[in-house]
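I have placed the structure first, in the form of structure tokens, so that the comments after it can refer back to it.
The values are calculated or read from the model by the stated rules, or taken from the named source; none is laboratory data. All of these numbers come straight from a predicted model, not from anything done at the bench. Note that we place each Cβ from the backbone using ideal geometry, even for glycine, and neighbour counts take in every protein chain shown. The protein model used for the area step is the full one, side chains on, heavy atoms only, and it has no ligands, DNA or RNA in it. Shrake-Rupley method; radii C 1.70, N 1.55, O 1.52, S 1.80 Å.
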Amino acid sequence: MDLLQQICERAKSNRQRIVLPEATEERTLRAADRVIADKLADIILIGNPEEIMKLASQWGLTHIGGATIIDPLNNPKSEDYAQLLAELRKKKGMTIEQARELVKNPLYLGCMIIKTEGADGQISGALSTTGDTLRPALQIIKCAPGITCVSGAMLLITKQPQYGENGVLVVGDVAVTPMPDASQLSQIAVCTAQTAQSVAGFSNPRVAMLSFSTKGSAKHEVVDKVVEATRLAKELNPSLDIDGELQADAALVPSVGEKKASGSAIAGKANVLVFPNLEVGNIGYKLVQRLGDAIAIGPVLQGIARPVNDLSRGCSVDDIYYMVAITACQAQSAKQG
């Protein structure tokens, strides 16, 4: 069973309630139909019910009737949501009138449903920008306890089973925070390890904090940042198996790890790689994807108290389907604390 099948099976084992706020978008509705048919998750669609059912009929989608459909313009809970949103954002000067308008926005409405425990996660981006997806999540759901920055992890499925977890690696940050400081980098490490557990199914994430230096082989302030981030990550999660700073070959290749970082429990055995900044992370995973013919799944957003994930506007039906499964696995983990 490949990794995506494993993720889907875990999602099915404990179905979560996933909001799709772009419900009249064709790829989204087709993916929702398939999710419902496969019993992958319980789907909440936000949009005009008549329009959604008309489109479902037009596109031959026979399972959409199994979704919960919420009309943002005719929602009996709108006033309750508006009052709560105004309270959450009163320090930022939000008025009740502004809140009443915002809860008609499907992206905000979905986050309000999650905030009030009516759903477990949300996915958007087929029509919306990353900023539009993240803004309501950060304003309403907010970051997880102890976390102040959002980041994005990528699952890399390589053809090199000797590396990572039988060829699978989880890497971050590849999507959100351009120049993390040591504190943010430590949070990215902890969150990426959690994603490795909840989504990739790693029983024991082994985290390497990457740099161009291994254990003091080079001196520079950016190396110092990685060393400090490693220390802070251990404070955030004392049970985390983590080491740094390590070069990529020292993190992945046992013989190199033994030579460059003798005695390290992570060197040569890492299955989670944390990049020192977004530029390195984004370039690095795309090189592995293209030159190494690896499958890249994600990015999976992490650090939010309840999962909210972002799609590429060029996403496929398959992309949305599998992101529902990934979000469901994250939601299962979030509930476990």
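Just a few scattered comments:
- Number of residues in segment 1-21 that are of a type in the set (D, E, K, R) and surrounded by 23 or more Cβ atoms within 10 Å (Cβ to Cβ) equals 0.
- All conditions but one from (1) over 14 Å from P136 (Cβ atoms); (2) surrounded by 18 or more Cβ atoms within 10 Å (Cβ to Cβ); (3) among the aliphatic types (A, V, I, L, M) apply to L109; the one that does not is (1).
- So S198, is it in contact with a Leu (Cβ under 9 Å, 6 or more places away or on another chain), of a type in the set (S, T, N, Q) and open to solvent by 10 Å² or more (accessible area, probe 1.4 Å): no
- Residue, most open to solvent (accessible area, probe 1.4 Å), within segment 301-314, restricted to residues that are touching a residue at least 24 places away in the same chain (Cβ under 8 Å) and assigned to a loop (DSSP other than H, G, I, E, B): R313
- Any hit, segment 188-206, residues being within 17 Å of K260 (Cα to Cα) and under 19 Å from the mean Cα position of the chain (by Cα): no
- Whether a residue is over 27 Å from R135 (Cβ atoms), open to solvent by 40 Å² or more (accessible area, probe 1.4 Å) and free of Cβ contacts under 8 Å to residues at least 60 places away in the same chain was assessed, and G263 passes this test.
- Failed criterion for S264 (all others in (1) touching a strand residue (DSSP E or B) at 6+ places or on another chain (Cβ under 7 Å); (2) at pLDDT 95 or above; (3) over 19 Å from Q162 (Cα atoms) hold): (3)
- Residue check for G298: outside any helix (DSSP H, G or I), in contact (Cβ under 8 Å) with a residue 40 or more places away in the chain and open to solvent by 10 Å² or more (accessible area, probe 1.4 Å): yes
- Near pairs, Cβ below 6 angstrom, 6+ apart or cross-chain, from segment 72-96 (at pLDDT 95 or above and of a type in the set (A, V, I, L, M, F, W, C)) to any residue that is part of a helix (DSSP H, G or I) and open to solvent by 60 Å² or more (accessible area, probe 1.4 Å): A82/R100
- Test: residue in segment 229-241 that is buried (at least 21 other Cβ atoms within 10 Å of the Cβ), touching a residue at least 12 places away in the same chain (Cβ under 8 Å) and not in a helix (DSSP H, G or I): no
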